[in-house]
1. When only DSSP loop residues count, what chymotrypsin sites (Phe, Trp or Tyr not before Pro) in the stretch B:28-126 have their Cβ near at most 16 other Cβ atoms within 10 Å?
2. Can you sort A:LYS40, B:LYS126 so the residue with the fewest Cβ neighbours within 10 Å comes first?
3. Take the alpha carbon atoms of the stretch A:82-235, find their radius of gyration, then divide it by 2.2 N^0.38 Å using N residues; give the quotient.
4. Ignore the peptide's own chain and count Cβ atoms of other chains within 10 Å of each Cβ in A:83-95; give me the average, rounded.
5. Need one value for B:69-80: mean number of C-beta atoms belonging to other chains within 10 Å of its residues' C-beta atoms.
6. Run the helix sum for chain B: -39,500 (n - 2.57) per DSSP H stretch of 4+ residues, divided by residue count, reported at 222 nm to the nearest 500 deg cm²/dmol.
7. Using a 10 Å cut-off on Cβ atoms, rank the peptides A:195-202, B:196-203, A:164-171 from the highest mean neighbour count down.
8. Quick one: which residues, 5+ away or cross-chain, put their amide H under 5 Å from the amide H of A:LEU234? H built at 1.01 Å from N.
Amino acid sequence: MTPGTASRIGWASVTPALLWTLAFFALPFLAMAIVSVYPKGGAGFSLANYGQFFTNPSYWRAMTNSIEVTAIVTVISVLLAYPFAWILAFVVPRRWQRLALMLAVLPFWTSYVVRSYAWLLVLAEKGVINTSLLELGAITEPLQLANTRTATVIGFVHFFVMLLTLTIYANLKQLSPNYRKAAADLGATPLQSFAHVILPLTLPGIMVGAFLTFVLAIGDYITPQILGGNNELLMPQLIMMQIGRRGDFSSASALSIILMVVVTLAYFACARWLRIERA
Amino acid sequence: MRTMIASVYAMALYGFIFLPVAMLVLFSFQGTLFPIPPFNGPSLRWYEAVLNDARLTSGLMNSILVAVTTSALATVLGFLSAWGFARFHLPGSALLRGLITLPLTVSYLIIGMGLLILFNWLGLPKSLIAAGIGHVVINLPLCFAIIYSQMGDHQANVERAARDLGASEIKVLLLITAPMLWPALFASFFLSMTFSWDEFVIAFLLTRFDTTLPVEIWNLLRAGLNPKTNAVGALVFGVSVMLAIIFELVALRRRNS
């Protein structure tokens, strides 16, 4: 095979995937960028849609809501998942670990839409929690749980605890047991060994998981729409509202691009942080 | 004592993780009109209602069709490109690989909306094909990343040997590379299937009358809490768990063999 043929075969094999990505990912993105600077019903080029984001308090509010909810979800999920992954990795007997882990992430396989609906069954006015509490006499009026930020957070945490348990478990299992043994030999208590040895070693993995949580949660429409309702809008809900109710693709595109910028900033914040950790 | 605390904590988390799914399945057997306590069943009337609902059954067929075809396409495209980048020195390779994996970082909502705008411009109507195109966009980077990571040098040597013995490139690809990489190909196809099977936003934006199961389930949600939604949700969960178990068994067999 001559170098010329080799490179022709190489290009031929990568071209279909590249073309697909260009045509159905890059081009749509370009279309979105163009649409975003020609506001609906406007005379021509204008950055009004971007300006609106900073001047219209309800748009700004959607972004701060999104960031708050996502940050809360990420922190709670990591705090719940870490000890759980630890137990699965070090307390559960070896032969049961695989089964225990598989059980822990089984509901992960429920359809995303169905999972949020299932939480509605639990949190609704006449749902399981309210009925049980009323019968126990702990409350006299049903609690408003569905259609609140709390419901959105619970739905998200449920999903991401499973995801993070998986990633943190994999992380913990990769550590050589010698680290813990060495720390113990040198006189560290289990708590010291955890704080000074295990935690720093697993931190990069946690950051990756946390970043994944942040990215997936901030772009999700389903959970806030089903569980949070329309009392308080998050960015994806605001974007869908622009498309659905108003047919305003221009404004929806601008908001999407702003959301992507925020995610990219988060990525760079995490990437730099991670690199420092590894050095 | 420590084991005690650990057990209690683990049980609490298992409880949290399984609570909604347990309620979903339990109240899918509800005998009355609302999936709320008290439970008065078991009854199969809502499963019957699901199977007699033409919209849900056609949504189910559409979902299977879209999942299988888009996963096959994404796996083939991912395989070809992974092979090309791993075996040939192409200028700008790192940049192009970055381009192929870029959609992984973008929310499905934004990918779906971009396609909607593009198809509007081109005058293409909403359809299952449009949604399928979107599903390939989200799954191709995944397939590429999985297969590319498994392209090792030992396989390159076997490929070279086959070429020296006179095999054409197509033969090398189909008879040598693909069989050696089958676990990665299987994992790619399988993961794509589960993502496509579950995907909602892209299908919601890009289909109209003929649509996928998650969109049909979404439409059911407008009726509020309804045991029929429980029944179809429990069925979908059952299918997914079955797929997970098959995947686990295949993965286990591979490790033991």
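1. Qualifying residues, ordered by number: B:PHE39.
2. Least to most surrounded, the residues fall as A:LYS40, B:LYS126.
3. Normalised by 2.2 N^0.38 Å, the Cα Rg of the stretch A:82-235 equals 1.30.
4. 3
5. That average works out to 2.
6. -24500 deg cm²/dmol
7. Result, highest mean Cβ count within 10 Å first: B:196-203, A:164-171, A:195-202.
8. Result for A:LEU234 returns nothing.
FYI, it's all coordinate maths here, none of it is from the lab. In this text the structure is predicted, and so the values were computed from the model without any measurement. We place every Cβ from the backbone using ideal geometry, glycine too, and count neighbours over all the protein chains shown.
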